[in-house]
1. Can residue 191 be described as over 21 Å from residue 125 (Cα atoms) and under 21 Å from the mean Cα position of the chain (by Cα)?
2. Which members of region 48-90 meet the condition of being touching a residue at least 24 places away in the same chain (Cβ under 8 Å) and among the charged types (D, E, K, R)?
3. State the number of residues belonging to region 122-163 that are β-branched (Val, Ile, Thr) and surrounded by fewer than 13 Cβ atoms within 10 Å (Cβ to Cβ).
4. Tally time: how many residues in region 141-163 are assigned to a helix (DSSP H, G or I) and either out of contact with any Ser or Thr (no Cβ under 6 Å at 6 or more places or on another chain) or among the basic types (Lys, Arg) (or both)?
5. For the list (1) modelled with pLDDT of 75 or more; (2) under 23 Å from residue 160 (Cβ atoms); (3) surrounded by 15 or more Cβ atoms within 10 Å (Cβ to Cβ), I need the number of the one condition that residue 99 fails.
6. Could you look through region 47-63, keep only residues that are modelled with pLDDT of 80 or more and among the aliphatic types (A, V, I, L, M), and pick out the one that is nearest to the chain's Cα centre (by Cα)?
7. Is it true that residue 166 is at pLDDT 90 or above, in a helix (DSSP H, G or I) and not β-branched (Val, Ile, Thr)?
Amino acid sequence: MAEFHSERGSGDQTETAPTSEQQDSGSPGVFVASLGVIWAIARKDLLLELRNRDVIVSIAGFVLLVFAIFTFAIDIQQADNAELVGPGVLWAGIAFAGVIGLNRAFSLEMERDTLEGLMLTPISRDLIFLGKALGNLMFLAISIAIALPVFAVLFNLVVFRLELLAIAVLLVIGFSSVGTLFAAMSVRVRAREIMLPLLFLPVVAPLLLASIEATADLVAGDSWSEMSQWLQLAIGFDIVFVIVSAVIFQFILED
């Protein structure tokens, strides 16, 4: 009997003790659930803006207006003028138009008094930040997709190349992450439409500079190696500020 009980007890211990495989089996599920939360937040913001269409129309109109003004102000019939001014006009117009979308990142929650509910949800602040940043990233990507064909036609520059795709990806990653942080910082400020660009644009100036210079090398026909220093600057900016923004975001909305 003693042997029977000892064997039975050891068997129970074997059944209840979790193995390393059982402990690791939950990791993919947690990762997938986190991705689901991030996508749900981003999808919600994007669908709300697509249904309203006010911001998208405003951004598209603003970008087209900027391009049209510079087209008439500068003699772009000369190739040198277009190559010299075009990259700056492209990314400056997209940056200022993107600020319009960033102002809406948390304003909908404030208008509908759902910001506190979002903060009380039992999910990590990092997931909220990533969801909001992904929504802003998609919103900015739509703006770039609208602006690029118009820019190529008005300035008569060949910009549809793989290099420009890399520049745009690096820009939207840094722009959306830093923009999400500053949008959260200014959400409770009365004059947030004024404060957000004043706080945000000086911080992303190195990223805009890298994008403009890399695009200038692109339209001049330079290769990857000649624009690599600007791409490296953009990559370094993205790595640093995505991490810093995610860390600071956890404390912003608590104040």
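1. No, not satisfied.
2. 49, 83
3. Step one: of region 122-163, the residues β-branched (Val, Ile, Thr) are 123, 128, 142, 144, 146, 150, 153, 158-159.
From what is left, the residues that are surrounded by fewer than 13 Cβ atoms within 10 Å (Cβ to Cβ) are 153, 158.
Counting residues in region 122-163 that are β-branched (Val, Ile, Thr) and surrounded by fewer than 13 Cβ atoms within 10 Å (Cβ to Cβ) gives 2.
4. The qualifying residues number 16.
5. Checking residue 99 against (1) modelled with pLDDT of 75 or more; (2) under 23 Å from residue 160 (Cβ atoms); (3) surrounded by 15 or more Cβ atoms within 10 Å (Cβ to Cβ), the one that fails is (2).
6. My answer is 47.
7. Answer is yes for this residue.
Residue-by-condition table, conditions (1) in a helix (DSSP H, G or I); (2) within 16 Å of the chain's Cα centre (by Cα); (3) buried (at least 20 other Cβ atoms within 10 Å of the Cβ):
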{"residue": "195", "(1), (2), (3)": "yes, no, no"}
{"residue": "198", "(1), (2), (3)": "yes, no, no"}
{"residue": "221", "(1), (2), (3)": "no, no, no"}
{"residue": "226", "(1), (2), (3)": "yes, no, no"}
{"residue": "230", "(1), (2), (3)": "yes, no, yes"}
{"residue": "233", "(1), (2), (3)": "yes, no, no"}
{"residue": "237", "(1), (2), (3)": "yes, yes, yes"}
{"residue": "244", "(1), (2), (3)": "yes, yes, no"}
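The values are calculated or read from the model by the stated rules, or taken from the named source; none is laboratory data. On a predicted model such as this, the values are computed, not experimentally measured, just so you know. Every residue, glycine as well, gets a Cβ built from its backbone with ideal geometry; the counts of neighbours run over all protein chains shown.
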